[in-house]
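Asker: Below: one structure in structure tokens.
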Amino acid sequence: MGSGKSTAGKRIASSLRWNFADIDRLVEEREGESVSAIFARKGEGYFREAESVVLRDVSERSRTVVACGGGTPCSQENMEVMASTGVTVWLRLPAQEITERLRKSNNVRPLLADTGGSELIASVTHLLESRECWYEKADLVIDGVNDTIEDITVKVAALVRERGGYL
């Protein structure tokens with residue numbers, strides 16, 4: 001969360017002349033409510049199942065760059081779907097950088113909703129540490145701090161083309 005997946009994804013899609021899809025937005029459309037509302041009313045488990053269904057659906061599309069939520073890759077089933085249907089990318093950022101971005105953002109993050117101040121960095125660090133084993137499985141790990149959006153776009157588009165994805 002806060003790594004720039006949606007921003008980078010849109011740029012990469014534009015560079016490849018492909019479509020762009022955001023898993024969280026698709027879940028919201030399917031469920032008719034925001035991610036925060038889904039978490040509050042139905043719980044994280046329900047959201048993760050809805051997220052997996054949407055991931056499977058969107059993975060059947062061709063020529064589509066997909067921005068998944070930070071928890072999407074954190075299951076064997078989802079990682080298998082992503083690995084078998086496309087190129088996976090981790091925009092790696094340190095917890096401190098993510099925390100700064102989250103503080104500046106107006107987006108509500110359900111897993112951090114009750115966290116503020118000094119607790120935020122600890123919560124982000126814990127979340128990152130618990131997910132890192134999944135994120136490390138990505139085909140490409142990109143430095144989200146030092147690489148510009150242009151660098152990220154070029155690297156990902158090149159890997160997609162190398163793997164056979166063209167216009």
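The values are calculated or read from the model by the stated rules, or taken from the named source; none is laboratory data. What you see is a predicted model, and the numbers here were worked out from it, not measured in a lab. Glycine also receives a Cβ, built like all others from the backbone with ideal geometry; neighbour counts cover every protein chain displayed.
Asker: Quick one: which of Lys42, Lys10, Lys5 is surrounded by fewer than 17 Cβ atoms within 10 Å (Cβ to Cβ) and within 13 Å of the chain's Cα centre (by Cα)?
Answerer: Only one candidate qualifies: Lys10.
Asker: Would you mention how many residues in the range 85-104 are closer than 19 Å to Ala13 by Cα and in a helix (DSSP H, G or I)?
Answerer: Count: 1.
Asker: Report, by residue number, each residue of the range 44-65 that is β-branched (Val, Ile, Thr), in contact with a Lys or Arg (Cβ under 9 Å, 6 or more places away or on another chain) and within 24 Å of Gly32 (Cβ to Cβ).
Answerer: Val53, Val54
Asker: Which residues, counting only those in the range 56-80, are in a helix (DSSP H, G or I) and either farther than 20 Å from Glu132 by Cβ or among the aromatic types (Phe, Trp, Tyr) (or both)?
Answerer: Within the range 56-80, Arg56, Asp57, Val58, Ser59 meet the criteria.
Asker: With respect to Arg48, determine if the residue is among the basic types (Lys, Arg) and over 17 Å from the mean Cα position of the chain (by Cα).
Answerer: So Arg48 does not fit the description; no.
Asker: While we're on this one: Tell me, which residue of the range 49-73 that is surrounded by fewer than 16 Cβ atoms within 10 Å (Cβ to Cβ) and of a type outside the set (Ser, Thr, Tyr) is nearest to Gly4 (Cα to Cα)?
Answerer: Ranking the candidates gives Arg63 first.
Asker: Test Ser15 against the stated conditions and say whether it is in contact with a Ser or Thr (Cβ under 8 Å, 6 or more places away or on another chain), under 15 Å from Asn78 (Cβ atoms), of a type outside the set (Asp, Glu) and in a helix (DSSP H, G or I).
Answerer: Criteria not met by Ser15.
Asker: Given the condition modelled with pLDDT under 95, out of contact with any strand residue (DSSP E or B) (no Cβ under 6 Å at 6 or more places or on another chain) and closer than 30 Å to Asn146 by Cβ, answer yes or no: does some residue in the range 35-45 qualify?
Answerer: Checking the range 35-45: at least one residue is modelled with pLDDT under 95, out of contact with any strand residue (DSSP E or B) (no Cβ under 6 Å at 6 or more places or on another chain) and closer than 30 Å to Asn146 by Cβ.
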